[in-house]
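Taken together, the values in this text are just the output of simple stated rules run on the coordinates, not laboratory data. Here the structure is a predicted model, which means the values were calculated and not measured. Cβ placement follows ideal geometry from the backbone for every residue including glycine, while neighbour counts extend to all protein chains displayed.
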Amino acid sequence: MTDTISLLICDDQEVVRKGLNTIFRYAQGIEVVGLAVDGEDAVAQAAASKPDVILMDLQMPKLNGIHATRRICTALPHTKIIVLTTFDTDEWVFDAVRAGASGYLLKDATGDEIVTAVRETHAGNNHLDPKIAGKILAEFNRLGQQKIKPQPDDSVLEQLSERELSILRLMAQGKTNQEIAEALFLAIGTVKNNISQILGKLHANDRTQAVLTALRRGIVDLE
């Protein structure tokens, strides 16, 4: 049972909690260890069960998902948190990044996509939904409205090899290591080594931060 991924689901809507719980009931290798009704409940249950992954709603009473994510990431650095967002209404994606979330998932994702996101995140492949990445880029452009568009950071561009740039562009599209390896005809180990090099050159802690940094500096786009 050591290979089983323990999962905590946190959402203030009962129908969502029950729906997600049903999805994972049939997902091999994943065990739901708790259903939290708000951020405070999530913090308490996480401390007790120390889950591998948490699916965290953003908009909740008592304690919202961002504050809950920050507390859990500080107390349990090995626990991975995937933020659940409705995309059209949530404006907290940047705060979630700073809070330490490892993945970003739309609530209208299919059951298979949700299960895949949990598995990828547990494996260290931060799950960044392409639509969320698009929203992030749009926000960067809005915040920099005095500028025409983000200008490429030549100093970083010079440090990145052509292969690393290709991998970074695919990362920005939300591709997994396996998908990147297949697209570029590389061994999975080669992809992992190159991603480690990319993180170092961008001074990023994980894949999501690397993509956000690349988007902000104009190194990659989503077109």
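Things worth noting here:
- Other residues within the sphere of radius under 10 Å centred on the Cβ of Lys62, judged by their own Cβ, net out at -4 (K and R +1, D and E -1).
- Shape call, the stretch 18-64: gyration tensor on alpha carbons, a/c limit 1.5: oblate
- Computed E for His67/Arg216 - FRET, C-beta separation, R0 30 angstrom, nearest 0.05: 0.80
- Rough spin-label spacing in nm, given labels placed 7 Å along Cα→Cβ, for Asn205 and Glu113: 2.7 nm
- Under a model in which nothing but the beta-carbon of Lys, Arg (+1) and Asp, Glu (-1) is charged, the stretch 5-127 shows a dipole of about 440 debye around its Cα centre.
- Nearest-0.05 FRET efficiency for Ala183 and Lys18, computed from C-beta distance (R0 25 Å): 0.10
- Judged by the gyration tensor of its Cα atoms, with axes a ≥ b ≥ c, the stretch 5-127 is rounded; a/c sits under the 1.5 cut.
- Using θ = phi - 60° and Karplus 6.51 cos²θ - 1.76 cosθ + 1.60, couplings along the stretch 10-18 (whole Hz; Gly, Pro as x): 10, 7, 7, 9, 4, 5, 5, 4, 5
- Full extension of the chain segment joining Thr190 with Phe94 gains 31.5 nm, where the gain is 0.36 nm per residue of separation less the Cα-Cα distance.
- Along the axis of the charge dipole computed for the stretch 163-218 (Cβ charges of +1 for Lys and Arg, -1 for Asp and Glu, origin at the Cα centre), the listed residues Ala183, Ala172, Ala204 are led at the positive end by Ala204.
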